Amino acid sequence: HMEENIENLVIGSGYGGAVAALRLTQAGKKVVMLEMGLDWEKEDGKYKPFSNLITPKNNSTWLKKSSQAPMMNIAMFNKKFTGVLDRMDFENIKVYAGRGVGGGSLVNGGMAVQPKKAYFQEIFPELSVEKFWATYFPLAQKELEVNEIPDAYYEKSAYYKFARVGESEAHEAGFETVRVPNVYSFEYMKKEEAGEVPKSALAKEVIYGNNHGKQSLEKTYLKKALKTELLTIQDLHRVDYIQQIKNGYAVYVDIIDTEGLVIAKKTINCKKIFLNAGSIGTTKLLLTSMHKGKMTNFDSSLGSHWGNNGNVMTGRNMVNTLFNRVENESTESNYSTGTGSEQSTIPVSGVDNWEDKKHAFFAEISPLPMGMEVYTALYLIINKVPIPGHISYDPALDDIRIHWEKKNYQHTVDNAKYFIKKMNKANGGTPSGLLWKGGYGPDICYHPLGGAVIGKTTDLFGRVKGYENLYVTDGALVPASIGVNPFLTITAIAEYCMEEIIGKDFKK
Ligand code: FAD
């Protein structure tokens, strides 16, 4: 059994953790960061290359014997491995998350979307929208290296036919569309298409990691933080729970091997803890610490205001759209032949129906790169979550439960049905039964949010109520939904919290 004494501990290396690590080290503080997943860059990227969508290897999947993607091929593995994409199965919802140094940035589609101003204000009534728009969102965009697809490239690339068709069909149905910024480098993608560099987005890589092109956190925030030489990252370190001790906290850690077996135990004694294990991870750690660590001073809101960002996966079978289009002669003819056999994995456009008060949603026009024409349009729809769910700890399981019922998601299915119906009426097509039962997947969650919400479980700057020197600066702070893909907002909020914490909490 090992023991370590340190000052500042960051748990988790996703967006929140990366911001905390950079701002602490830049302020001259030594930081230890724990990550339960692999450092994919160590030993010359020994465990890479990452898998593509079509032929997942065991490095695609966190400790299961088969791949777990919501679509695509299911592959079987001989051995469990600490792969990059996790799926946590709860009673009515399956939550996906990235595992490894970089957290969700390793697996996600890179969409860096700023929420609607009015909705941000509705979700965070006590935060200053003006300050976020003037300072924290631009800062997050700069540090994350957000860029936009050039129009000329978008208009002509065969790999974005799915998106052009998606936009054109949405317009046909009377919807508005928007182009969405991303952290995948479009300069790199252009070179991929020109055959000048190894392909990643254009070679069906995403979800199980991108080997090139995507500016994930190990290339941005974490790289900068490591450069200060004040940051130590320990991978395959999974925190079990926390306990208050004299002058700080004891943190109980399991060190695991790449098959997930516990090979050692460690206690880290520290002064300050920055919890950044993601919405599910952070909430679980706090609830577990309440039971196992006897930390009973938390605010009663802990575990509540949880949601899936209103995620619904849905699709349209487009086989009959071809005939419909020829009859209508309404759109460019090349738009009427499916979504393309070659598709970039990086989404760049969406349907913005936020102004429609009855059916407020944002639908990401998603690729489905199967390597052949599948005549299927895929959408990840994002909604409000007016009735949030909650998370509780079950001592018998030594795990959490997510309470997520029909009342929490029925409106998201209604919105998805409304959207698909309108799209099919205008363009032809049928709900895609190929992908999910009935064509609608409200049990999926790519965007877990909440559980330790700002202004409720923490103060207005991520300080956990009831304790000192204990902070949350990740997706757990955001109550249930932000209406668009969330990592830009999570990064901006972490920047805002860290500015205050570094300014005020180190002087004592
Ligand atoms: P995370 O990024 O989840 O980081 C938490 C880290 O903590 C993880 O690395 C985890 O392994 C680690 N951890 C957890 N528990 C422990 C523990 N007990 N001990 C040690 N370490 C622990 N969002 C967008 O904005 N745009 C997109 O295009 C987009 N696409 C997505 C696609 C997929 C397939 C998925 C799964 C998500 C996508 N998201 C997207 C969501 C986005 O990635 C998340 O919202 C974001 O990563 C959350 O950031 P975070 O800092 O809260 O937590």
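The values are calculated or read from the model by the stated rules, or taken from the named source; none is laboratory data. Please read these numbers as outputs of a predicted model, since none were measured by experiment. Cβ coordinates were reconstructed from backbone atoms using ideal geometry, including for glycine residues, and neighbour counts include every protein chain displayed. We work out accessible area using only protein heavy atoms, side chains counted, and drop any ligands, DNA or RNA first. Shrake-Rupley method; radii C 1.70, N 1.55, O 1.52, S 1.80 Å.
Tabulated values for the structure
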item: Volume per residue of the C-alpha convex hull in segment 23-175, rounded to whole Å³; result: 233 Å³
item: Residue-averaged 222 nm ellipticity for the chain, from DSSP H runs of 4+ at -39500 (n - 2.57), nearest 500; result: -7500 deg cm²/dmol
item: Dipole of the chain, positive direction: furthest Cα of 177, 208, 267, with charges on the beta-carbon; result: 267
item: Extended-chain gain in nm, criterion 0.36 nm per residue less alpha-carbon gap, residue 271 and residue 507; result: 83.6 nm
item: For segment 172-229, average projected area of the Cα convex hull in nm²; result: 6.4 nm²
item: Residue 410 paired with residue 398, simple spin-label distance in nm, labels 7 Å along Cα-to-beta-carbon; result: 3.9 nm
item: Scattering profile of the chain at q = 0.11, 0.12, 0.13, 0.14 Å⁻¹ [log10 I(q)/I(0), Debye over alpha-carbon scatterers]; result: -0.90, -1.07, -1.27, -1.47
item: Accessible area per residue, Å², the chain with all protein chains present, probe 1.4 Å; result: 39 Å²
item: Trypsin sites (Lys or Arg not before Pro) within segment 215-323: DSSP coil, no more than 13 neighbouring Cβ in 10 Å; result: 246, 294
item: Average projection area in nm² (convex hull over Cα atoms of segment 89-229, one quarter of hull surface); result: 12.5 nm²
item: Rounded FRET efficiency, nearest 0.05, which uses the C-beta distance separating residue 91 from residue 223 and R0 of 41 Å; result: 0.55
item: Computed lengthening from residue 142 to residue 4, 0.36 nm per intervening residue step minus Cα-Cα distance; result: 46.1 nm
item: Length added when fully stretched, residue 258-residue 299, from 0.36 nm per residue minus Cα-Cα; result: 11.1 nm
item: Kyte-Doolittle mean at least 0.0, axial Cα span of 18 Å or more - DSSP H helices of the chain; result: 278-292, 487-504
item: Surface share of carbon and sulfur [accessible, 1.4 angstrom probe, percent] for segment 95-243; result: 50 percent
